[in-house]
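Some notes on the structure that comes next.
The values are calculated or read from the model by the stated rules, or taken from the named source; none is laboratory data. These numbers come from a predicted model, not from an experiment. Positions of Cβ are generated from backbone atoms using ideal geometry, with glycine treated the same way; all protein chains shown enter the neighbour counts. Note: areas computed on protein heavy atoms with side chains; ligands, DNA, RNA excluded. Shrake-Rupley method; radii C 1.70, N 1.55, O 1.52, S 1.80 Å.
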Amino acid sequence: MGAAGCSRPTAGEGGTLNSPSQQQGNLLGSDETYAQVLIDRAARDVDRSFTYKIPPLLTERITIGSRVLVPFGPQKLVGDVVGFTDQAPPVKLKSLIKLLDEQPLFDIEQLDLARWVAQRYCCRLREALRLVTPPGVSRSRFTTVAVTDEGRQIELAQLSGAPRQSQIFDLLHSSGGEENLDNLVQRVQQTADGKLSRSAVLAAVHGLEEKGLVERRRGLTRPTAGRRTQQVAQLCGEGRDWAEVAEQLSASATRQAEVIRALMESDSVIPVAKLSRSAVAALADKGIVRVSEQRIYRIPDEPGLGNVDPEALPPTAAQGAILQRVKQALHAGRHEALLVHGVTASGKTEVYLQAIEAAQAEGRSAIVLVPEIALTPQMVGRFRARFGDSLALLHSALSAGERYDEWERVGRGEADIVIGARSAIFAPCRNLGIVVVDEEHEHAYKQESAPRYLATAVAAERVRRSNAVLLMGSATPSVEAYWRACHEDGLSLTTLPERIDSRPFPPVQIIDLRTETLMGKGGSFSQMMLEAIADRLERGEQTILFLNRRGFSTFVMCRDCGDVLRCPDCTVSLTYHHAGRRMRCHHCDYSLPVPDLCSNCEGYDIGFHGLGTERVTDQIEREFEAATVARMDRDTVSRKGAHGDILRSFARGEADILVGTQMIAKGLDLANVTLVGVLNADVGLHTPDFRAAERTFQLLTQVAGRAGRAEKPGEVLVQTYNPDHYAIVTAQKHDYVAFYELEIRARRHNLYPPFVELANLVFQDEDEEDALNTARQAEVCLQDMGVFFKKGEVQFLGPAPAPLHKLRGRYRYQMLLKATDMEHLNQTVRDLMETLADTGSTQVVYDVEPMDMM
Ligand SMILES: [Zn+2]
Ligand SMILES: [Zn+2]
């Protein structure tokens, strides 16, 4: 397949463009070695490396991942060294200017993984490298002032007529000829006791520029997060009688005496911030106290749910069999990938814990991925109890400083187990032994912004490269993973078929809403549901009510003309939230008070329809006045830590009923919950997404799994309008394999994964016609490339309006690419990206391995 009519990017104006075949590993040592530098600039056509000579003084210090300053046309730009070559291109080469950081930002393994991500997800290497570099070292603009060649020739005395310029010149010399402009201004101001304005300093710099003695240089670098240190104090001089010194000082300098006594009592150093600063300074002057810098780590707070027993449990036979395979592979240093299909409450977490202990015993590190760390406090608690300080936490809710520190602890081997959300798969673990992916099927493993990687796929690739073990667990594995495991496609199937202590699965009753009369205050509950809840309240047991829609009512409609209120920027109806009494769009920030009159017919009868968690909570509270009801959805957990608070409170029995969205579907393990009620199982079943049935099955199974996890037996009631749908029937029977067999047939018939690889192309524009035109243009390009509608090894569907036709003010059209293998798909997407390089105002999203089809 060619790319007819494609415009290829051309070499930039700077160094010399490399072809990929020239890129090699570190060949330092030879005088003939040149560095290949990836320039840090936004334009797409510079996402390749350029060759530079290495100044002799730097040959020993430059390595893969070094951040360097290079000449690029008339500019000086920051770049990263991504390779070395001993073959000089047939043009005159420039030298790189300087090394910006002694510490390389990534190593060859991380670079290779980033290259793989860029290749598979059709993103720029620069974007992929962001994933493997420490968080918080994102680049920001900076300006430096440097002494020019001319400036180096002159004597300081020649500037004697201009004292300020002379001072700046002197400062520049003392810092090696170059200094950050902001630092320089500060230093000059400090010497003037703050009596000097910034503009006065800048004027002096400008004066030096005019004389050609200094120049300003601009670049992009300097981390926003970095190491944090603190000043600490300690007593100095062995064998002195500190008590006596303190005694002597206590009359004249009380606070100095106090500092000495505090330091005597302390076994180690004390942060200066906790002592009297002036007293410490005075003591330091007298040589009694030494002040030094100490590195501090910002250790993140973490959610936890009560006490966890740190002891390992003896494995069951099924757990033991899986652990055996893990240990053998680890011991032999062999790559092995296992899918653990373990029913809910079958003890998957214990398998993870012991598998990681086995890796530790072999001196190897581990990464544990969870879909969303805030939603799995119990699991994090168990890992912390078992592994203590060797555990590092990485997720997006940490501050930049906390993430930087955790990243560094991992990179230095001080923490050898990482637990985190999807981006933790890029953690700089040394000697990686095992990667655990919990709830493998979760869509949170897909990043929905560039680079749009799928963490489970990256995990598989990373363990393959490290000869490590991949352990992916789920009660409801993705159909793709299960199919691969059944066909031994680089993945083996293992099972945990029974619940711990052979507890029975909770019986699931289907309630057919087509024939059932709904009752209760507000009319959302069947008779059976109400009786079951009343029964639990009487016995002092707890109930979970699940509804995957937040808000009060899911749409607001005029009863006179049937007009539904919609978001003006998105093609969705507005949801009414009783708290705040506003209608909100769940896709953008738009919100609006409820109007008194219908804007369409000026009628008064505006009604609230559809059921959200807020309304269910209200109805339940009115129905069971004595009961305490808690609610958990995105609205109630927006505050940091709120999720854990609600769970802890529910776990302590402070509420009888918990109403929630899918947030309550996972990770919740509470002994006193004996009833789970699903109020409307059909939400999501009919969305135009080939995974709709799979998602419904997964959600029902996960929610049902929350019941009866301890001694008390549980019960699940499911209200549905589709009691015969296979996703609901098989979930009722807790029969994953039956679901899988029906689902895989549909996938094969309709040509969806795992039988093809997918890329979803979305064309979005504020102007609907422009969006459609660009999509049509893409269609023509594909046809020119030999890719046709529903035909051939690579084929496409569309263009068609996306299900969410308008989102945040932009119209959206979609095309779906299907290919028999990933390589063909990647090539097609890349060729198309080059052909469609300029799409005007239309933004094109290229999503390989898409999860979001809307
Ligand atoms: Zn109306
Ligand atoms: Zn909206």
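Take peptides 396-404, 507-515, 234-242 and line them up by average Cβ neighbours within 10 Å, highest first, as a rough protection proxy. It would help to have the intermediate numbers written out before the result.
Values: 396-404: 18.8, 507-515: 15.6, 234-242: 11.1.
With the highest mean Cβ count within 10 Å placed first, the list reads 396-404, 507-515, 234-242.
Could you calculate the FRET efficiency of residue 487 with residue 821 from 1/(1 + (r/R0)^6), where r is the beta carbon distance between them and R0 is 22 Å, rounded to 0.05?
Efficiency, from the Cβ-Cβ distance: 0.90.
Rank these residues by their accessible area, most exposed first, probe 1.4 Å: 663, 472. If you can, show how the numbers build up before the last one.
Details: 663 30, 472 10 Å².
Output order, biggest surface exposure first: 663, 472.
Please report Rg (one decimal) and Dmax (integer) in Å for the Cα set of the chain.
My reading of the Cα-based Rg and Dmax gives 31.9, 99 Å.
Just to verify a number: FRET efficiency for residue 808 and residue 755, C-beta to C-beta distance, R0 = 35 Å, to 0.05? The partial results should precede the final answer.
Values: r = 34 Å, r/R0 = 0.96.
E(calc), rounded to 0.05, equals 0.55.
Taking the alpha-carbon distance from residue 791 and a cut-off under 19 Å, which lysines remain once sequence neighbours fewer than 8 residues away in the same chain are dropped?
818
Tally up the carbon and sulfur contribution to the accessible surface of the chain as a whole percent, 1.4 Å probe, everything protein left in place.
Working: 17900 of 37960 Å².
Using a 1.4 Å probe with all protein chains present, the chain comes out at 47 percent carbon and sulfur.
I'd like to check one number: the per residue accessible area of the stretch 635-736, probe 1.4 Å, reported in Å² as a whole number.
Working: 3580 Å² over 102 residues.
So the stretch 635-736 comes to 35 Å² accessible per residue, rounded to a whole number.
So how far, in whole Å, is the C-alpha centre of the stretch 372-433 from the one of the stretch 637-704?
With the stretch 372-433 and the stretch 637-704 each reduced to a Cα centre, they are spaced 26 Å.
Calculate how many DSSP beta bridges within the chain are antiparallel, expressed in % of all such bridges and rounded to the nearest 5.
In the chain, DSSP labels about 60 percent of beta bridges as antiparallel.
So, taking all protein chains as they sit and a 1.4 Å probe, how much accessible area belongs to residue 80, in Å² rounded to tens?
0
What 222 nm value per residue comes from the helices of the chain, counting each DSSP H run with n ≥ 4 as -39,500 (n - 2.57) and dividing by all residues, nearest 500 deg cm²/dmol?
Working: 23 runs with 267 residues, N = 854.
Taken over the chain, the calculation gives -9500 deg cm²/dmol.
Would you mind checking 76/195; 348/733; 327/348 for any pair whose Cα atoms are more than 27 angstrom apart?
Values: 76/195 34 Å; 348/733 21 Å; 327/348 16 Å.
The pairs that break the limit, which is 27 Å between Cα atoms, are 76/195.
For the stretch 771-854, with every protein chain kept in place, what is the accessible area per residue (1.4 Å probe, Å²)?
On the way: 3520 Å² over 84 residues.
Spelled out: the 1.4 Å probe surface of the stretch 771-854, per residue, equals 42 Å².
Could you give the length gained by full extension between residue 88 and residue 60, i.e. 0.36 nm per residue of separation minus their alpha carbon distance, to one decimal place?
Values: separation 28, 0.36 × 28 = 10.08 nm, distance 1.93 nm.
8.1 nm is the gain from fully extending residue 88 to residue 60.
Run the numbers for residue 198 and residue 692: contour at 0.36 nm per residue of separation, minus the present Cα-Cα distance, in nm. Intermediate results must be reported in sequence, preceding the final value.
Numbers: separation 494, 0.36 × 494 = 177.84 nm, distance 6.09 nm.
Additional length available on full extension: 171.8 nm.
Put 348, 98 in order of accessible area, largest first, 1.4 Å probe: what do you get? Let's see the in-between values first.
Numbers: 348 30, 98 70 Å².
The ranking, largest first, comes out as 98, 348.
What are the extents of the Cα atoms of the stretch 502-624 along their three principal axes, listed from largest to smallest and rounded to whole Å?
So the extents along the principal axes, rounded to whole Å, are 57, 28, 25.
Residue 634 versus residue 267, label points 7 Å from Cα toward the beta carbon: distance in nm?
Once both label points are built, they end up 4.9 nm from each other.
Take each of the peptides 794-805, 83-94, average the number of other beta-carbon atoms within 10 Å over its residues, and list them starting from the highest. Show your work: numbers first, answer last.
Values: 794-805: 18.5, 83-94: 14.2.
Per-residue Cβ counts within 10 Å, averaged per peptide and sorted highest first, yield 794-805, 83-94.
Check which residues have an amide H placed less than 5 Å from residue 511's amide H, if you skip close sequence neighbours.
Distant-sequence amide H within range of residue 511: 718, 719, 720.
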